[in-house]
Amino acid sequence: MGQCYNWRTPEGIVKILRFLTRIAPASIVLLAASIAYAQPAKTPASWALKTERVVNGPEADLLVRSGDINNLGFGWPSDYDPFSGKSTGHGYPWDPKPGAPAGMDRILMGSVDTKADAQKHSHDGYTDYAVDHRADSMPVPIALNVGELPAKVNVVLLQMFLDDFQAPVWGSHFQLTLNGTRIPSFEMAINSLQQTGPIGKLVTFKLLPEYWPLLKTGQVKVLIDDPTTHIPDGYAIDFVRILVNPKPFKYPVSLNYTVVDAATKKPIAAATVDAANATGTSDAKGQGVLRFLPAGMVTASAIAPGYDEEVLPVDIATGEVGKASFELKRHSEGVADLEKSISQSGSAAIYGVHFDTGSATLRPDSAAALQNVLALIVKRPASHWIISGHTDNQGAADLNEKLSQSRAASVIAWLVSHGVAANRLTPQGYGATRPVADNATEAGRALNRRVEMQLVDAQPAH
């Protein structure tokens, strides 16, 4: 017997469109979507604005938005609120509507992807359209006019209504930058999303304090792109918002979590778990709860000393309680691990390079990690690398920057002494300005104390 779907609900519309996508031409699916969404929801007038800036409003001390809130131009189902955390869908492919904001309300695809890439790799349903419409599907920065910040900043959230991100399915790897600066925690979250459908969803990220100076320029440009993998993965963005000092959310939800060792399945106590605006610590049973989160897709992360961070996307609609089960893996940085990280993101973090506190002298127990770094560089004989040092936020900022620069130089000196040409290596010291985790916890500070290697050019390994 066939399935029956209620076309009067957002969930029913999504299911109907998914079914039509499998059996009908794209033109029919798009027509069905237009009919399904023909009756617009009663939405606030401000949602039609392509930009918005509200000071001391009901949602935050400062709210800045770019992009109209209109479900990629299709309109919302009746009585649907995109901030409630419920899913919505639409037909595809589609041409951008006249006046659609730059970088939004259109199918996008990584800037390096070509028709040859689409023929070489498996890909999603957006790709065939995107490769034939590169002028429209090329990622561009989305500008938000932040202006003057509140006198005191406590929390900064980035919210985006994202559609059809599927990095775990296709093997793509997205980079997210603010004013050209990559935000590692945001990238981990974006690359954890599985929005097969396509599914539109509100996603919320917390911006770590070390990146708040990017807001002080008055304008923030947000760019999402996959410039490295050449794996076609189409996606779309409806709107982007920045909330400075958010107020209680209209649709608050909770998240229950457990954290265990991936190999032994034993609980990990004192692990730090983050999601949107909330932070918690696992108890002796590896459990905990985060409350008063915004409804929608929250990207929850768990970290513990000696383990790799894990990021899980969790759908939590209003009235529901989310659940995240983390299985943390012991950190490994063999040559194969480093090669995988470089292939995906263009960079790799090294935690096995050790220095004494306040020193740039390599400790003897760094030898194994350095040998792995050397082996990876040797595999790419014509490549150029940036070797960067990073610290936590303990101590004076200027001293941390100088220390991280000296540590990067020490690693380069070791590599040169083992046969790597000096002109292939560039040292860079970032101090505490490029954290990958929150410095408020010891687990976060441990992840931030690292050496990174970044591939500047893309010569293949051999």
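Things worth noting here:
- Ala118 vs. criteria without any contact (Cβ under 8 Å) to a residue 40 or more places away in the chain and hydrophobic (A, V, I, L, M, F, W, C): no
- Within segment 215-239, being of a type in the set (A, V, I, L, M, F, W, C) and touching a strand residue (DSSP E or B) at 6+ places or on another chain (Cβ under 8 Å) holds for Leu215, Val220, Val222, Leu223, Ile224, Ala236, Ile237, Phe239.
- Matching option when the condition is touching a Pro at 6+ places or on another chain (Cβ under 9 Å) and outside the structural domain of Arg65 (by TED's automatic domain parsing), among Thr258, Thr204, Thr264, Thr272: Thr258
Let's see how each residue does on (1) touching a residue at least 60 places away in the same chain (Cβ under 8 Å); (2) within 15 Å of Arg434 (Cα to Cα):
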residue: Arg380; (1), (2): yes, no
residue: Ser383; (1), (2): yes, no
residue: Ser388; (1), (2): yes, yes
residue: Thr391; (1), (2): no, yes
residue: Gln394; (1), (2): no, yes
residue: Ala408; (1), (2): no, yes
residue: Leu415; (1), (2): no, no
residue: Val420; (1), (2): no, no
residue: Asn423; (1), (2): no, no
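- Residue in segment 378-390 that is farthest from Tyr211 (Cα to Cα), counting only those that are at pLDDT 95 or above and crowded, with 18+ Cβ neighbours inside 10 Å: Trp385
- Scoring Gln344 on the criteria (1) assigned to a helix (DSSP H, G or I); (2) over 25 Å from the mean Cα position of the chain (by Cα) leaves a single failure, condition (2).
- Enumeration of residues in segment 82-95 that are in a loop (DSSP other than H, G, I, E, B) and either in the same structural domain as Ala295 (by TED's automatic domain parsing) or crowded, with 18+ Cβ neighbours inside 10 Å (or both): Gly85, Lys86, Ser87, Gly89, His90, Gly91, Tyr92, Pro93, Trp94
- Candidates Ala375, Ala409, Ala437, Ala446, filtered to the one that is assigned to a helix (DSSP H, G or I) and in contact with a helix residue (DSSP H, G or I) (Cβ under 6 Å, 6 or more places away or on another chain): Ala375
- Segment 269-313 holds strands (runs of 3 or more DSSP E) entirely within its bounds, and those carrying 2 or more residues that are crowded, with 22+ Cβ neighbours inside 10 Å map to 272-275, 287-294, 296-303.
- Residues (of a type in the set (Gly, Ala, Ser) and in a strand (DSSP E or B)) located in segment 121-146: Ala143
- Any pair with Cβ under 6 angstrom, 6 or more apart, that starts in segment 137-151 at a residue that is over 13 Å from Glu52 (Cβ atoms) and outside the structural domain of Trp94 (by TED's automatic domain parsing) and ends at one that is surrounded by fewer than 13 Cβ atoms within 10 Å (Cβ to Cβ) and of a type in the set (Gly, Ala, Ser): none
- When restricted to residues that are farther than 15 Å from His331 by Cα, touching an Asp or Glu at 6+ places or on another chain (Cβ under 7 Å) and not small (Gly, Ala, Ser), segment 432-452 contains 5.
The values are calculated or read from the model by the stated rules, or taken from the named source; none is laboratory data. Note that the coordinates shown come from a computational prediction; the quantities given were computed from them, not determined experimentally. Neighbour counts run over all protein chains shown; Cβ positions are idealised from the backbone, glycine included.
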